[in-house]
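Below is one structure, written out as structure tokens; comments come after it.
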Amino acid sequence: MNADRILRRLYALPPRPTWLVRLRRAQANALRWIRLRGWRLGLVATLVSAWLVAHVYYYNRLKEAEFAVDVARAQIEAMKERRYFLFKSVGRLVSEYRRHEQSVLTSLTELRHADGSVRPRWTGNRDAERRARAAPPGSSSGASAEPAPAELPAELRLVAEQYPRLTLGENVQQLTGTMVEVQTEVSRRIAAYNDAVNAYITLTDTFPGNVFAAASGFGPRRFYAANPDMLPFPEVAF
């Protein structure tokens, strides 16, 4: 008879519940088993703890590298979409402006031709004009009534300066500069994507990252490859 039972009989205490007795026995057996095999349990617990800590560490690093690759890829797609719609809209705008300038220039040319069909009377040299009229047809002895370029009146030179200022060349230069800037940005995004893929591959193909990558299910990623279908370059017709 153990001490617990003796004390309960002396002080008339009620007996403990059966489930509590069984629980105490199980605890005692577990403690006895741990004392006998303590070093083994400690080793196993240390290995499991180290695995969990390393797994969490490398999982977070792999996730960060994977997110960097996905973000770089998304930025490339965004820049391609921006480039496509920018080139399409700006190219159409420049093309429409070219037609507008062409129509304006054509209208002005027609107006100039209509105004020049009625030959104005030249009064700069009246004597030469009279001799030209008095000279028989086909004769070259008379002085020509046409003025020399230096004798042209100032109002003709002034009319030549009244043409509208056409800015198609400047618009084309701006479009070209925009194309170069956007294409340079696309190239920069592709380089950033390849750097992110390089960091990801280095982490997943070296030890011990490859072990945790295989255990966590991280797949391979490939570098960016030039593909004409993936990089549509709209033609700008003028």
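The values are calculated or read from the model by the stated rules, or taken from the named source; none is laboratory data. Only a predicted model underlies this, so the values are computations on that prediction, with no experimental measurement involved. FYI the Cβ positions are ideal-geometry reconstructions off the backbone, even for glycines, and counts take in every protein chain you see.
Out of the residues in segment 200-238 meeting the condition of being modelled with pLDDT of 90 or more and small (Gly, Ala, Ser), tell me which one is surrounded by the most Cβ atoms within 10 Å (Cβ to Cβ).
Only one residue fits best here, namely ALA213.
Among LEU7, LEU41, LEU52, which is the only one that is more than 30 Å from ALA192 (Cα to Cα) and modelled with pLDDT of 85 or more?
Details: LEU7 fails: modelled with pLDDT of 85 or more; LEU41 fails: modelled with pLDDT of 85 or more.
The match here is LEU52.
Under 6 Å by Cβ, and 6 or more places apart or on different chains, what pairs join a residue from segment 98-125 that is closer than 20 Å to LEU175 by Cβ with one that is modelled with pLDDT under 70?
Within 6 Å, the pairs are ARG98/LEU168; ARG98/PHE238; GLU101/LEU166; GLU101/LEU168.
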